[in-house]
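Have a look at the structure below, then the notes.
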Amino acid sequence: MNEIKKIQNQLNRRDFLTKAGLGFGGLALSSMLSSSQNRRTDLPNELQTFLTGPTFPAKAKRVIYLFMSGGPSQLETFDFKPALTKWHGQEIPDSIRGTQRNSGMVAGQSSFPLVKSIYNFKQYGRAGAWISELLPHTAKIVDELCILKSVYTEAINHEPAVMFVQTGSQQSGRPSMGSWLSYGLGSDNENLPHFMVLISKGLNDQPLSTAAWSNGFLASHHQGVHLRAGKDPVLYLQNPNGVSPADRRRTLDHIKALNEHQYTLWGDPEINSKISQYEMAYKMQTSVPDAVNLKNEPDYVYKLYGEEARRPGTFAANCLLARRMAERDVKFIQLYHTGWDQHGNLPGDIRKQTKDVDQASAALVQDLKQRGLLEDTLVIWGGEFGRTSFSQGQLTKNNYGRDHHPGCFTMWMAGAGVKPGIVYGETDDFSYNVAQNPIHIHDFQATVLHLFGMNHEQLVFKHQGRRYRLTDVHGHVVKDILT
């Protein structure tokens, strides 16, 4: 009892006012964070007040990332190299080939003949950008694009390269770019996930790891939600037979009460994440069917995107869905189109691949612009690496292949603070090395975060004693391409 009285006596008027003031301030801060779209419940204690929104004015509110999985050839699309006409069939100089490592798939190859593209190129737009005949629709919107010809990576095989572009690390287990933005900025839509993923298949069933849209070590509600084509876009979302919406609501309320009790006992932030996921799933029962319902889209929209947009699961249909999600303020919309891995039969296969994506990619940019969404929606197009200028396998009159090439490749961006109608960066005469204005993958990622008002060096998360970020310990913002 003496100890209790001693503690009570220490609580004098000054102590009371000090503690009360802190308490009122905490209540006010809690109220502000609760009403904010950027409420953060998953941060470590030392970062609880860190990054509750953009650190400077943002140009982008959302991103649609069109990922060409497999590595599209820059030589058949955007990087015209007339010098290869002279060198066609001749061995690539050792002084050039020795500057880059090659994949194991050409380890047994003794001859490395240079090969020109069989497709014609023309110049388009204010910047005179060279565009292949394979991309006629893209050529029409070239004045909306910022074409980046000098992107390079460190990864030479597919999965590490995809992981590197998407997560900033060649190893699985790190959060993807969409998860980082969800963590840093929260959502502008309470009825749909922050981060949504759609996949369309190209010529081959090339594997694509779910780690590419993983939350990694961030709370699980930051992971990408995969929307499938067909009757059930999200598995296990609908109520089982015999379970009414009222039954589901009562069930969720009881589960929430149990989870909140567990949180008071253990303080594990993942419990709050599970509560958030249950509530999001409940909201998605009505919001997802509305978002994916294309029946009311007018005919002129299908004329813009192409008739393929009427077929669920195609790249065109997914582009149209991406526009609908952008209208609903989904923060990060990731589209994957597989099949861009042309080690052989490249001339025929890449024609089919570009036919899949050309019209719909261009239509998406046009559609966003006519709806006033392009000014704050960032559209990105590109793969995980490029292709070699020498032929993989036998070079014939009408056929050739190209191996993986991390040394240089092309991407494009449009909208949301990116300069339109420019070509940035250049490669050498063989499209083998960057010759001007190199853009490392971490530079690209830093620039995307910058457009969202985020300093890539400050968007961090402490995990297992280390502070991680999307750009690891590298990266700078490519300010030359920003408005």
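The values are calculated or read from the model by the stated rules, or taken from the named source; none is laboratory data. If you're wondering where the values come from, they're calculated on a predicted model, not measured in any experiment. Don't worry about glycine lacking a Cβ; one is built from the backbone with ideal geometry, like all the others, and counts go over all protein chains shown.
Residues considered: Ser391, Ser361. Of these, the only one that is farther than 15 Å from Ile64 by Cα and either among the hydroxyl-bearing types (Ser, Thr, Tyr) or in contact with a strand residue (DSSP E or B) (Cβ under 6 Å, 6 or more places away or on another chain) (or both) is Ser391. Search the range 307-336 for residues that are closer than 24 Å to Met454 by Cβ and in the same structural domain as Leu368 (by TED's automatic domain parsing) and pair each with any residue that is at pLDDT below 95 and of a type in the set (D, E, K, R) when their beta-carbon atoms are under 7 Å apart and the residues are at least 6 apart or on different chains. Hits for this filter: Asp329/Asp188; Lys331/Asp188.
Taking the criterion of being of a type in the set (Phe, Trp, Tyr), in the same structural domain as Tyr124 (by TED's automatic domain parsing) and either assigned to a loop (DSSP other than H, G, I, E, B) or more than 16 Å from the chain's Cα centre (by Cα) (or both), would at least one residue in the range 435-451 satisfy it? No, every residue in the range 435-451 fails to be of a type in the set (Phe, Trp, Tyr), in the same structural domain as Tyr124 (by TED's automatic domain parsing) and either assigned to a loop (DSSP other than H, G, I, E, B) or more than 16 Å from the chain's Cα centre (by Cα) (or both). For Glu190, the conditions (1) more than 21 Å from Lys274 (Cβ to Cβ); (2) in contact (Cβ under 8 Å) with a residue 12 or more places away in the chain; (3) surrounded by fewer than 19 Cβ atoms within 10 Å (Cβ to Cβ) are fulfilled apart from (1).
In the set Asp480, Asp429, only one residue is touching a residue at least 12 places away in the same chain (Cβ under 8 Å), part of a helix (DSSP H, G or I) and at negative phi; that residue is Asp480. Picking from residues in the range 229-239 that are touching a residue at least 12 places away in the same chain (Cβ under 8 Å) and surrounded by fewer than 20 Cβ atoms within 10 Å (Cβ to Cβ), the one that is farthest from Gln171 (Cα to Cα) is Asn239. The listed residues are Ala211, Ala257, Ala246, Ala229, and the only one of them that is out of contact with any Phe, Trp or Tyr (no Cβ under 7 Å at 6 or more places or on another chain), assigned to a helix (DSSP H, G or I) and within 30 Å of Thr354 (Cβ to Cβ) turns out to be Ala211. Looking at the range 64-158, the strands (runs of 3 or more DSSP E) lying wholly inside it that each contain 2 or more residues that are over 25 Å from Ser169 (Cβ atoms) and of a type in the set (Phe, Trp, Tyr) sit at 121-124. Is one or more of the residues making up the range 147-159 in contact with a Gly (Cβ under 9 Å, 6 or more places away or on another chain), of a type in the set (Gly, Ala, Ser) and in the same structural domain as Val365 (by TED's automatic domain parsing)? Yes, the range 147-159 contains at least one residue that is in contact with a Gly (Cβ under 9 Å, 6 or more places away or on another chain), of a type in the set (Gly, Ala, Ser) and in the same structural domain as Val365 (by TED's automatic domain parsing).
Restricting to the range 233-244, name every residue that is modelled with pLDDT of 80 or more and either within 16 Å of Leu192 (Cα to Cα) or among the polar types (S, T, N, Q) (or both). Answer for the range 233-244, where residues must be modelled with pLDDT of 80 or more and either within 16 Å of Leu192 (Cα to Cα) or among the polar types (S, T, N, Q) (or both): Pro233, Val234, Gln238, Asn239, Asn241, Ser244. Determine if the range 273-283 includes at least one residue that is outside any helix (DSSP H, G or I) and free of Cβ contacts under 8 Å to residues at least 24 places away in the same chain. No, that holds for no residue.
Filtering the range 240-256 to residues that are surrounded by fewer than 14 Cβ atoms within 10 Å (Cβ to Cβ) and under 35 Å from the mean Cα position of the chain (by Cα) leaves Pro240, Pro245, Arg249, Asp253, Ile255.
When restricted to residues that are under 29 Å from Gln90 (Cβ atoms) and either buried (at least 23 other Cβ atoms within 10 Å of the Cβ) or not assigned by TED's automatic domain parsing to the domain that holds Lys419 (or both), the range 342-383 contains 6.
Considered as a group, the residues in the range 145-165 that are out of contact with any Ser or Thr (no Cβ under 7 Å at 6 or more places or on another chain) and surrounded by fewer than 21 Cβ atoms within 10 Å (Cβ to Cβ) include one that is nearest to Val423 (Cα to Cα), and that residue is Glu154.
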